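Encoded as structure tokens, the structure appears first; notes follow it.
Laboratory data are not the source of any read-out in this text; all were calculated from the coordinates shown. If you're wondering where the values come from, they're calculated on a predicted model, not measured in any experiment. So basically every Cβ, Gly included, is an ideal-geometry build from the backbone, and we count neighbours across all protein chains shown.
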Amino acid sequence: MYTYAMNLQLFNNTQTTGSGSLSVEMKTYYNKQLLDNAEPVLVHRQFGMKRPLPKNNGKNIEFRSFSSLPKALQPLTEGVTPNGRSLQAQNITATIEQYGDYVEVSDLLDLTAYDRIILESNKLLGSQAGRTLDTITRDEANAGTNVLYQRKKDGTAVLTRHDLDADSVLTVDTVFEAAAILKGKNTPLIDGSYVGIIHPHVAKDFMIANREAGTWVDINKYSNSTKIFEGEIGKVAGVRFVESSEAKIWKDSTCPALTYKQTSDSAPQADKQYYTKSGETYTATDFPLSAFTSGTTYYEAATMLSVYSVLVIGEGAYGVTDLEGGGLEMFVKQLGSSGTADPLNQRATIGWKAATVTKVLAEDYMVRIETASSFSRKSQAN
């Protein structure tokens, strides 16, 4: 952690208004603090393969991954040098985008405490930046097609999201299955284990069940040499779990219905699940539905259960741009720095800007488990 004496010059000039910018020392300090405030919520990003921003500030960045080598089953001949192999590289290009926000500071605030205002704003902005950037990574990682749907309580297999029910809560058997899928693809481990990113609502049910069964290992039971990930809570089935309130939650027409209403759609929507009714029983139609049948009344969900993602990953599943070295910056504009746009020197601004992208590099290195929780009836999408 950087430390600075409180008498450091805040701006490059000594004016309380004007066009001065942060001094080099303070810009370094506040950028570091912004990143420190963002890191606790960068749960998904911490497992990305990091690449620095292009030095020429171009918008494209290239991630490179290498294909596995085949087995070398041919016996060597004494004195004969065998033919070597070439590395097979796959180059994946992604486009960098910029994100950011700022807050305005009024001249009515006590400017003698301006450094304190900056520090407090930095905490809020750092948290916002972290949640923003982690959501970008989360959404890219959750777009994969390797999906396991949690079985129902009686063991019935579930094949689609809308077939889940309130009792389809995460079990250790499903975690074992996800880990087995990754092992079958020779997915590299992350510090000796696979990692599961889990929402606190799902973690609560899962931890209680597995503590009672004696299968859950809390982080305080780890050996002292184990590096603890940001947000880590424990492990089971060879998977170390990290908790994040930003783990994906769906609550839309693709989710299990609790109550139904007659649809007002004149034609089927591609992202909506429809139902027909016989007596008091509602039956899901094909998804997506290609066309309505004349004379048939169709229904859609009026209220839904929330569905949660538990993302189980190995090393190299996705890549991210590094936030250090200019990837995440803080900007402070003092009173009057806007010129004629602020003629009475009434507003200062404090903000952040990030240049970033996340790109899936190896979809086989991720399995998304979709599950309900005891909070599914009342939780909201994120």
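Relative contact order, percent, of the chain when contacts are C-alpha pairs under 8 Å separated by at least 6 residues?
Averaging sequence separation for qualifying contacts and normalising by length gives 27 percent for the chain.
Computed about its Cα centre, the charge dipole of the range 257-304 is approximately 80 debye, with only Lys, Arg, Asp and Glu carrying charge at their Cβ. Does the range 174-221 come out rounded, prolate or oblate by the C-alpha gyration tensor, with a ≥ b ≥ c the root eigenvalues, rounded set by a/c under 1.5 and, if not, prolate when a/b is larger than b/c and oblate if not? Since a/c reaches 1.5 and a/b is larger than b/c, the shape of the range 174-221 is classed as prolate.
A dipole drawn for the range 48-96 from +1 and -1 charges on Cβ atoms has a positive end, and of 82, 69, 92 the residue lying farthest that way is 92.
Provide 374, 106 in ascending order of the number of other Cβ atoms located within 10 Å of each residue's Cβ, fewest first.
Working: 374 15, 106 10.
So the ranking, lowest neighbour count to highest, is 106, 374.
Remark: the Cα gyration tensor places the chain in the oblate category, a/c being 1.5 or greater and a/b not exceeding b/c.
Counting neighbouring Cβ atoms within 10 Å and putting the fewest first, the residues 252, 218, 165 line up as 218, 252, 165.
Sequence gap at least 6, Cα distance under 8 Å: using those rules, report the relative contact order of the range 257-304 to the nearest whole percent. Each step should come with its number before you reach the end.
Numbers: 81 pairs, mean separation 25.9, N = 48.
It comes to 54 percent, rounded to a whole number.
Which residues make up the longest stretch of the chain that has no GluC sites (Glu not before Pro) in a DSSP loop with at most 11 other Cβ atoms within 10 Å? Numbers along the way, then the final one.
Numbers: sites that count: 78, 280.
Excluding the exposed sites themselves, the longest stretch runs over 79-279.
Remark: the range 260-341 carries a charge dipole of roughly 380 debye about the Cα centre, counting +1 on each Lys and Arg Cβ and -1 on each Asp and Glu Cβ.
Result for the chain in a Gaussian network model with C-alpha springs under 10 Å: among 182, 133, 87, the largest mean-square fluctuation is at 87. Using the Stokes-Einstein relation with a Kirkwood hydrodynamic radius computed over Cα pairs, the translational diffusion coefficient of the range 257-304 at 10 °C and a viscosity of 1.306 mPa s comes to 146 µm²/s. Taking Cα centre as origin and charging only the Cβ of basic (Lys, Arg, +1) and acidic (Asp, Glu, -1) residues, the dipole magnitude of the chain rounds to 500 debye. Find which of 58, 225, 332 sits farthest along the positive direction of the dipole of the chain, computed with +1 on the beta-carbon of Lys and Arg, -1 on that of Asp and Glu, about the Cα centre. Sorting the options by dipole projection puts first 225.
Taking the charge dipole of the chain about its Cα centre, with +1 at Lys and Arg Cβ atoms and -1 at Asp and Glu Cβ atoms, the residue from 184, 288, 375 reaching farthest to the positive side is 184.
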